[in-house]
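This report refers to the structure that appears directly beneath it.
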Amino acid sequence: MKHILALVLGLAGSMAAAEDMKMAVTTSFNNSGLAEILLPAIAEDTGINVQLLVVGTGQALRLGEGGDVDAVLVHARAAEEAFVEAGYGTHRREIMYNDFVYIGPSDDPAAIAQADTAADVLVRIAQTESVFVSRGDDSGTHKKELSLWDTAGVQRGGDWYRPVGAGMGASLNTAAGMNAYILADRASWLNFGNKGDLALLFAGDPVLFNQYAYLPVNPERHPHVKTDLVVQLEEWLTSPRAAELINGYTINGETLFTYNAQPES
């Protein structure tokens, strides 16, 4: 009985020691399934219960600006650097990367599988006025898509261009329903269950590199931020334990993310 009582008290003590913090993350990160691997390990190793607010990158950064979260994990470097430069974040720490890919109908009416570059893909889609689903939600994926259209130098619009204002999973569902082209991150695509007649048609252009970074919210702006927990989480995310879990996360033998956090200088 004493042993049972000690076990119960020990469990109660460990539960009482657990602390919560809030982190805004992108829908693409959440749709990848990686959170389901990392969060239990974080809780086990640190006692931190990370509560995720799943939104697009733009909204995630706005949550950080307002002090509604303790940290942000997103993938739009220019916006992240502006966030830190404006004093909303203390710094930017790269954690892992994957890549963006073009998905489309398996019969590929715009022949994007024959394109030479990521920009050429969009030229072909625009010239054939093939249906293209855009996230349209100020997410990191949407920001990348817009920059690719600008690089391609072609006009988007008309009935064939369909902004949906939704997360990655919902946008992929729309593309599957319409048998349309879409830009997605590789992890979300691999973890997507409703592929329909869609296929991964183009990848590999270096411009499609997709870096994820961790940004602690600045406690000088928002004194209520749980800085101690934020620091502990960053230490965990840049640890060998995180590297093993991130690099080891696969679907059907394909790696979804590559860990690339660097030691602090």
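The values are calculated or read from the model by the stated rules, or taken from the named source; none is laboratory data. Every value quoted in this text rests on a predicted model; they were computed, and no experiment measured them. Note: ideal-geometry Cβ built from the backbone for every residue, glycine included; neighbour counts use all protein chains shown. Quick note on the areas: whole protein, heavy atoms, side chains included, nothing else; ligands and nucleic acids left out. Shrake-Rupley method; radii C 1.70, N 1.55, O 1.52, S 1.80 Å.
Restricting to the stretch 124-155, and then to whatever is open to solvent by less than 20 Å² (accessible area, probe 1.4 Å) and not in a helix (DSSP H, G or I), can you tell me which residue is farthest from residue 59 (Cα to Cα)?
So the residue we want is 130.
When the stretch 228-242 is examined, which residues are found to be of a type outside the set (A, V, I, L, M) and in contact (Cβ under 8 Å) with a residue 12 or more places away in the chain? Talk me through it step by step, then tell me what you get.
To start, the set of residues in the stretch 228-242 that are of a type outside the set (A, V, I, L, M) comprises 228, 232, 234-236, 238-241.
Scanning the stretch 228-242 gives 232, 234, 236, 238, 241.
Can you pull out every residue in the stretch 156-188 that is open to solvent by 10 Å² or more (accessible area, probe 1.4 Å) and more than 20 Å from the chain's Cα centre (by Cα)?
Quick first cut of the stretch 156-188, residues open to solvent by 10 Å² or more (accessible area, probe 1.4 Å) only: 156-167, 169-170, 173-174, 176-179, 186.
156, 157, 158, 159, 160, 161, 162, 176, 177, 178, 179, listed by residue number.
For residues that are closer than 24 Å to residue 260 by Cα, in a helix (DSSP H, G or I) and open to solvent by 10 Å² or more (accessible area, probe 1.4 Å), tally how many sit in the stretch 62-84. Break it down stepwise before answering.
Our first condition is that a residue be closer than 24 Å to residue 260 by Cα; within the stretch 62-84, this holds for 64, 70-84.
With the extra rule that they be in a helix (DSSP H, G or I), the set shrinks to 64, 77-84.
Narrowing the set further to residues that are open to solvent by 10 Å² or more (accessible area, probe 1.4 Å) leaves 77-79, 81-82, 84.
Count: 6.
So which residues in the stretch 85-103 are open to solvent by 10 Å² or more (accessible area, probe 1.4 Å), of a type in the set (Gly, Ala, Ser) and either within 19 Å of residue 55 (Cα to Cα) or part of a strand (DSSP E or B) (or both), if there are any at all?
Those that are open to solvent by 10 Å² or more (accessible area, probe 1.4 Å), of a type in the set (Gly, Ala, Ser) and either within 19 Å of residue 55 (Cα to Cα) or part of a strand (DSSP E or B) (or both): none in the stretch 85-103.
Is one or more of the residues making up the stretch 214-224 aromatic (Phe, Trp, Tyr) and either surrounded by fewer than 17 Cβ atoms within 10 Å (Cβ to Cβ) or part of a loop (DSSP other than H, G, I, E, B) (or both)? So that I can check it myself, show each step before the final result.
First pass over the stretch 214-224, keeping only residues aromatic (Phe, Trp, Tyr): 214.
Okay, now just the ones that are also either surrounded by fewer than 17 Cβ atoms within 10 Å (Cβ to Cβ) or part of a loop (DSSP other than H, G, I, E, B) (or both), so none.
Scanning the stretch 214-224, I find no residue that is aromatic (Phe, Trp, Tyr) and either surrounded by fewer than 17 Cβ atoms within 10 Å (Cβ to Cβ) or part of a loop (DSSP other than H, G, I, E, B) (or both), so the answer is no.
When you scan the stretch 20-61, how many residues do you find that are on the phi > 0 side of the Ramachandran plot and either touching a helix residue (DSSP H, G or I) at 6+ places or on another chain (Cβ under 6 Å) or open to solvent by 50 Å² or more (accessible area, probe 1.4 Å) (or both)?
1
Is there any pair with a first residue in the stretch 201-217 that is in contact (Cβ under 8 Å) with a residue 40 or more places away in the chain and a second that is among the aromatic types (Phe, Trp, Tyr) whose Cβ atoms are under 6 Å apart and which are 6 or more apart or on different chains, and what are they?
That search, which allows pairs on different chains as well, returns 201/102; 202/102; 208/100; 210/97; 210/100; 211/97.
Quickly run through the stretch 18-56 and pick out the residues that are of a type in the set (Val, Ile, Thr) and in contact with an Asp or Glu (Cβ under 7 Å, 6 or more places away or on another chain). Spell out the reasoning first.
Taking the stretch 18-56 and keeping what is of a type in the set (Val, Ile, Thr), we get 25-27, 37, 42, 46, 48, 50, 54-55.
Correct list: 48 only.
Go through the stretch 104-123 residue by residue and tally those that are buried (at least 17 other Cβ atoms within 10 Å of the Cβ) and either outside the structural domain of residue 202 (by TED's automatic domain parsing) or of a type in the set (Ser, Thr, Tyr) (or both).
Counting residues in the stretch 104-123 that are buried (at least 17 other Cβ atoms within 10 Å of the Cβ) and either outside the structural domain of residue 202 (by TED's automatic domain parsing) or of a type in the set (Ser, Thr, Tyr) (or both) gives 1.
Are any residues in the stretch 204-215 within 17 Å of residue 125 (Cβ to Cβ) and in contact with a Phe, Trp or Tyr (Cβ under 7 Å, 6 or more places away or on another chain), and if so, which ones? Reasoning before the result, please.
Start the filter on the stretch 204-215 by keeping residues that are within 17 Å of residue 125 (Cβ to Cβ), which leaves 205, 207-208.
Answer for the stretch 204-215, where residues must be within 17 Å of residue 125 (Cβ to Cβ) and in contact with a Phe, Trp or Tyr (Cβ under 7 Å, 6 or more places away or on another chain): just 208.
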